[in-house]
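Comments concern the structure below.
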Amino acid sequence: MTSTLEARLTPGRRLTRGLANTAMGPVDIGRGIVGLGVASARAATANAQVRLQRAQLHRQIEVAQQLVSEELSAAQEVVAGLPEAITQAGKSRRVRRIGLIAGITLVSLAGAAIAVTVIRRSQQPEPSPLPPSVEVDPRP
């Protein structure tokens, strides 16, 4: 405010303004303290949530590591028994059946290739027994 406005204030108005500021001072202090308390409570809550999430994440990681190690050991057992399974599979009927089907397929493909070749050759015109109508060797 300018000095002219302060000069115009009456003593009653000055008293009222001073009392209002005096009365609002403790209220502002109280509001500030409450605001700081609420902010610190929010920060503490957020910190607790972060710690809880980290703890849950650590638990999940431990469970995942345990599952991975169990799966790895199971895979190692399977790989260790693979040669024996291959030898047993070679003796089984299923492998023989698959080999028979593969053999029949190869024979039929070879027969189809021969048939296609014969058909193509039969469709080509045979060379004419007549001599060419144009001289092969040009004269100089």
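Please work out how much length the chain gains when fully extended from residue 51 to residue 15, using 0.36 nm per residue of separation minus the C-alpha to C-alpha distance, in nm with one decimal.
Answer, rounded to one decimal: 7.6 nm.
Rounded to the nearest 500, what is the 222 nm mean residue ellipticity of the chain from helices alone, with -39500 (n - 2.57) per DSSP H run of 4+ residues and division by all residues?
Mean residue ellipticity at 222 nm (helix-derived): -30000 deg cm²/dmol.
Apply the membrane-span-like helix rule to the chain: whole DSSP H runs, Cα extent along the own long axis of at least 24 Å, mean Kyte-Doolittle hydropathy at least -0.5. List the helices found.
Both cut-offs are met by 11-80, 93-123.
Which value in Å does the Kirkwood hydrodynamic radius of the chain take, with 1/r averaged over all unlike C-alpha pairs and then inverted?
28.6 Å
Set Lys and Arg Cβ to +1 and Asp and Glu Cβ to -1, take the dipole of the chain about its Cα centre, and tell me which of 102, 122, 22 lies farthest positive.
22
Using the scaling law 2.2 N^0.38 Å as the reference, what is the normalised Cα Rg of the stretch 1-84?
So the stretch 1-84 has a normalised radius of gyration of 2.89.
Throughout, read-outs are computed from the coordinates displayed, never taken from laboratory work. What you see is a predicted model, and the numbers here were worked out from it, not measured in a lab. Every residue, glycine among them, receives a Cβ derived from its backbone with ideal geometry; neighbour counts consider all protein chains shown.
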